[in-house]
Amino acid sequence: ADVLQSREEDDRKVRRREKNRVAAQRSRKKQTQKADKLHEEYESLEQENTSLKREIGKLTDEMKHLSEVLKDHEKICPLLHCTMNFVTIPRPDALASCLPR
């Protein structure tokens, strides 16, 4: 009877060990998948960041260019600070002379 009980306990230990091994394997696989997913997300965000920085550079250059164009225009504008008086000018024909055709 003792031998039978001992063998059952051994079997139970073996099954428990196997179950634990499988669970640990599953856990490691899950962690690896999670790490892979985070790495992919990181790569994607890095690319997006680079792209956005490039766009900021282009827009900054465009803004500088347009500021220069505006500054040059203000020098020759027939209206005093036409950009400032945009809303308050009563005569549309006076405004039309400083707008591009």
Percent accessible area from carbon and sulfur atoms, the stretch 1-77, protein chains only, probe 1.4 Å = 53 percent
query = In square angstrom, what is the accessible area per residue of the stretch 1-81 with a 1.4 angstrom probe?
reply = 99 Å²
key: Largest-first ellipsoid semi-axes for the stretch 16-68, taking √(5λ) over the Cα gyration tensor eigenvalues, angstrom   = 51, 5, 4
ask   = Working out 0.36 nm times the residue gap between Asp61 and Leu38, then minus their Cα-Cα distance, what length gain in nm do you get to one decimal?
value = 4.8 nm
ask   = Which of the lysines could be linked to Lys13 by a straight reach, that is with a Cα gap under 25 Å, when you skip same-chain ones fewer than 8 residues away?
value = Lys29
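The values are calculated or read from the model by the stated rules, or taken from the named source; none is laboratory data. Just so it is clear, the model here is predicted, and its values are computed rather than measured. Only protein heavy atoms, including side chains, enter the accessible area calculation; ligands, DNA and RNA are left aside. Shrake-Rupley method; radii C 1.70, N 1.55, O 1.52, S 1.80 Å.
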